[in-house]
1. Go through the range 41-120 and tell me which strands (runs of 3 or more DSSP E), entirely inside it, have 3 or more residues that are basic (Lys, Arg).
2. Is at least one residue of the range 140-152 over 17 Å from the mean Cα position of the chain (by Cα) and at pLDDT 80 or above?
3. Test Ala142 against the criterion of being in contact with a helix residue (DSSP H, G or I) (Cβ under 7 Å, 6 or more places away or on another chain) and either in a strand (DSSP E or B) or not β-branched (Val, Ile, Thr) (or both), and give yes or no.
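The values are calculated or read from the model by the stated rules, or taken from the named source; none is laboratory data. All values reported here derive from a predicted model rather than from experimental measurement. As a convention, Cβ positions derive from the backbone with ideal geometry for all residues, glycine included, and neighbour counts pool all protein chains shown.
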Amino acid sequence: MRNVILAAACGLLLSALAYAQPRPPEKAETFSHDVQWDARYEGGIFGASNKERGVIKVDDANSRVLFYRKTDGKQDSSEMFSIPYQSLIVLYPDSKEDVPQSGKVISKLPVPGAGLASLMSKSTKYANIQFDDPDLEIKGTASFRFDDPKQLQSFLHSLGPRAKMVQRGDAYYRGKQKSVF
């Protein structure tokens, strides 16, 4: 009987030791450092008022962010606008919750339960770029809509360090320059 109790205790001890094995460390989420992302320009640049589908590119050679419009699914060869890295003040993500147009239409139908369609919601992810336009000597905010939240994060976490900005959470900012007197 003593051997049975000793064998059970050894089995219990070995199973506890096997359970206490440490987990392998989790891999931190890494962002790809692509140099271009598909996005939709929503407005904010002076002289470029139309909403356009296109590609945002990072041009390290000239230290600027470029936006190319797409026509018929193909990329145009000319840029729509560019923002120099030194003009960037703040980069930050934003989101907007809204009811899709189909939900709005269905909720107005005179059918029992149609009002529940107004409970549908869709989240839209944006990248907002506040900049200081040196040509016009004014500040502006450009907005870009991304279909994929990971692309938005990849864009922000790629552009912020390239522009030598300081990170605060998911946002990046350029601190005020201290004057020397």
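1. Details: elements: 52-59, 64-71, 74-84, 88-98.
Because the criterion is at least 3 residues that are basic (Lys, Arg), the strands (runs of 3 or more DSSP E) in the range 41-120 that meet it are 64-71.
2. Residues of the range 140-152 over 17 Å from the mean Cα position of the chain (by Cα): 140.
Going one step further and asking which of them are at pLDDT 80 or above, we end up with 140.
Checked the range 140-152: at least one residue is over 17 Å from the mean Cα position of the chain (by Cα) and at pLDDT 80 or above.
3. Numbers: in contact with a helix residue (DSSP H, G or I) (Cβ under 7 Å, 6 or more places away or on another chain): no; either in a strand (DSSP E or B) or not β-branched (Val, Ile, Thr) (or both): yes.
Here the answer is no, as Ala142 does not meet what is asked.
One line per residue, one yes/no per condition, for (1) among the aromatic types (Phe, Trp, Tyr); (2) under 24 Å from the mean Cα position of the chain (by Cα):
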position	(1), (2)
Asp94	no, yes
Ser102	no, no
Ile106	no, no
Pro110	no, no
Gly113	no, no
Leu119	no, no
Ser123	no, yes
Tyr126	yes, yes
